[in-house]
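Notes to accompany the following structure.
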Amino acid sequence: MAIENGLMRRVTLAAAGLAGAVGVMAAAAGSHSGESRNLSAIAMICLAHGPVLLALALAGRGRVLQVAAGLIALGTLVFAGDLGIREWLGHGAFPGAAPIGGVGMIGGWLTIIVAAFVTRDG
């Protein structure tokens with residue numbers, strides 16, 4: 001069952017806001033807690049993908065870009081979530097979580113390339 005277009009737009013917009021907020025919090029926490037590769041990576045990934053999700057929520061049209069937004073949002077959530085769990089609990093979310101999240105984000109970016117060639121308005 002396909003997600004209604006308006007619902008997908010709202011979910012993508014919420015994911016953009018969450019990614020941006022988490023990115024800023026991770027950057028702030030990292031600056032106050034000394035060296036943390038996990039916090040730096042969380043900040044970088046979230047602050048890079050939050051604006052992309054915002055753009056897809058506001059301007060993305062069509063199913064292909066909805067798929068891209070979903071892949072980027074889920075990939076960011078899994079990747080950053082795994083690193084956060086590692087940082088604060090000392091173990092990952094589940095085996096291979098960060099690489100799976102990374103593959104999701106990469107897949108989302110590649111889906112944007114596909115959208116450039118299969119959608120009517122590019």
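The values are calculated or read from the model by the stated rules, or taken from the named source; none is laboratory data. Source: prediction; values computed, not measured. Note: ideal-geometry Cβ built from the backbone for every residue, glycine included; neighbour counts use all protein chains shown. In case anyone asks, the SASA skips ligands and DNA or RNA and just uses the protein heavy atoms, side chains included. Shrake-Rupley method; radii C 1.70, N 1.55, O 1.52, S 1.80 Å.
Within the chain, the selection of entire DSSP H helices by a Cα span of 20 Å or greater along the long axis and an average Kyte-Doolittle value of at least 1.0 returns 37-59, 63-89, 97-118. Percentage of Cα-Cα pair distances in the range 1-49 greater than 14 Å, rounded to whole percent? Taking all Cα-Cα pairs of the range 1-49, the fraction more than 14 Å apart is 55 percent. Think of a 1.4 Å ball rolled over the protein heavy atoms: the chain then has 59 Å² of accessible area per residue. Over the Cα atoms of the chain, the radius of gyration divided by the Kirkwood radius equals 1.02; this is the Rg/Rh ratio. For the options THR111, THR76, THR12, a Gaussian network treatment of the chain with springs between C-alpha atoms closer than 10 Å singles out THR111 as fluctuating the most. For the range 5-93, trypsin sites (Lys or Arg not before Pro) meeting the loop criterion (DSSP other than H, G, I, E, B) and having at most 16 other Cβ atoms within 10 Å: ARG61. Between the range 65-80 and the range 1-43, the alpha-carbon centres lie 11 Å apart.
With charges only on Cβ, +1 for K and R and -1 for D and E, what is the dipole size of the chain about its Cα centre, in debye, rounded to 20? Roughly 300 debye, rounded to the nearest 20. Taking the helices alone, the chain has a mean residue ellipticity at 222 nm of -29000 deg cm²/dmol, built from -39,500 (n - 2.57) per DSSP H run of at least 4 residues and averaged over all its residues.
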